[in-house]
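**Student:** My structure is below; once you've seen it, I'll send some questions.
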Amino acid sequence: EVTKDWNGADQIAIRSPRGASVRVCLHGGQVVSWRNDRGEELLFTSSKAIFKPPRATRGGIPICFPQFGNCGTLEQHGFARNKIWTIDEEAPPLNYGDNNNNKASVDLLLKPSEDDLKCWPHCFELRLRVSLSMDGDLSLISRVRNVNGKPFSFAFAYHTHLSVSDISEVRIEGLETLDYLDNLSQRERFTEQGDAITFESEVDRVYVGSPGVIAVLDHEKKRTFIVRKEGLPDIVVWNPWEKKSKTMADFGDDEYKQMLCVDAAAVERAITLKPGEEWTGKLELSAVPSTNCSDH
Ligand code: BG6
């Protein structure tokens, strides 16, 4: 289903026969909504989100490429999230039941504009396949191809704004004992303790070399997000907390309580592609009921 979004750009919705759905905008290739089969929204979008192009809106899953954060010469998190993507005509949409598959997909494409080439002189093709399984699992597969005469390097992140009930009731399992770069102290390197990660102040960290599966447990909602990733070695964990929230124009003062960013990413080490080479980065998200009440 194709509709217009706030920017006049197309927005594509996939609905599973069981009632789950996902919506992705051609503006930014940004997933802006993901609902389970009970119609509950699983991604955070700010009530103060600014719908003014070319800026990405606050929430959902913006794509950070070819730069993460402000480490580089480009705008924060690179330009991909601020561009209008196209539907990739070379990859026809996949529907439930086609070849017995249990997913439906849509494929998007971003190629650099003349302006992009002025600030980042590398010819690339960035493809994004967004799929929703019959069970409501969301998967994002990105492929970056070097169609340049020379190698280039880039960073990448799925800047995933998860919707949570109360940040102080949330914990992340799977990042224990890892090293992280702390964006709050000039990317100084620290080592995480042995406990699951909980939240009581601002957090902005790049956990390096993280495992392929981590879990975000929302105790109050009795919901666990399972985050699976491939080709993306790092996990960025971000919550602006109270003080920083107040400085952000597109974020409500108290919304930090309902949001946690957990980004599958390649940040610490850039990915380098030789001419003709392609890189693939996958993110798979499931939201499952927490069964164990002693989970906390
Ligand atoms: C996080 C970064 O991923 O995104 C933070 O680690 C940053 O440093 C945050 O503040 C939000 O960035 P933006 O550009 O979407 O406001």
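A short reminder: the numbers here are calculations on the coordinates, not readings from a lab. Since this is a predicted model, take the numbers as computed values, not measurements. All Cβ positions, even for glycine, are placed from backbone atoms using ideal geometry, and neighbour counts span all protein chains on display.
**Student:** So what is the orientation-averaged projected area of region 163-287, using the convex hull of its C-alpha atoms, in nm²?
**Tutor:** Numbers: hull surface 34.7 nm².
Averaged projected area of region 163-287's Cα convex hull equals 8.7 nm².
**Student:** Then there's this: Treat each spin label as a single point 7 Å out from the Cα along the C-beta direction, and report the ASN148 to GLU75 distance in nm.
**Tutor:** 2.0 nm
**Student:** Also: Using the alpha-carbon centroid of each, what span in Å lies between region 175-234 and region 11-49?
**Tutor:** 24 Å
**Student:** Using 7 Å Cα-to-Cβ label points, what is the THR191/ASN102 separation (nm, one decimal)?
**Tutor:** Reported label-point gap for THR191 and ASN102 is 4.1 nm.
**Student:** Follow-up question, since we're still on this one. Sorted by mean Cβ packing within 10 Å, highest first, what order do the peptides 115-126, 200-211 take? Write down the numbers at each step before the final one.
**Tutor:** Working: 115-126: 15.6, 200-211: 17.7.
In decreasing order of mean packing, 115-126, 200-211 become 200-211, 115-126.
**Student:** Of the listed peptides 61-68, 14-21, 46-53, what is their order by residue-averaged count of other C-beta atoms within 10 Å, with the highest listed first? Mind showing how you got there, number by number?
**Tutor:** Details: 61-68: 26.0, 14-21: 17.2, 46-53: 14.1.
Descending mean neighbour count gives 61-68, 14-21, 46-53.
**Student:** Give the average over all directions of the projected area of the C-alpha convex hull of the chain, one decimal, in nm².
**Tutor:** About 15.4 nm², averaged over all directions.
**Student:** Okay, next question. If R0 is 41 Å, what FRET efficiency do you get for ASP179 and ILE87 from their C-beta distance, rounded to 0.05?
**Tutor:** 0.55
**Student:** Okay, moving on. Measuring from label point to label point, each 7 Å out along Cα→Cβ, what is the LYS243 to ALA13 span in nm?
**Tutor:** So the label points at LYS243 and ALA13 sit 4.2 nm apart.
**Student:** A follow-up question, please. Starting from the Kirkwood radius over alpha-carbon pairs of region 1-131, derive D by Stokes-Einstein at 37 °C in a medium of 0.692 mPa s and give it in µm² s⁻¹. Write down the numbers at each step before the final one.
**Tutor:** Details: Rh = 15.7 Å.
The diffusion coefficient I find is 210 µm²/s.
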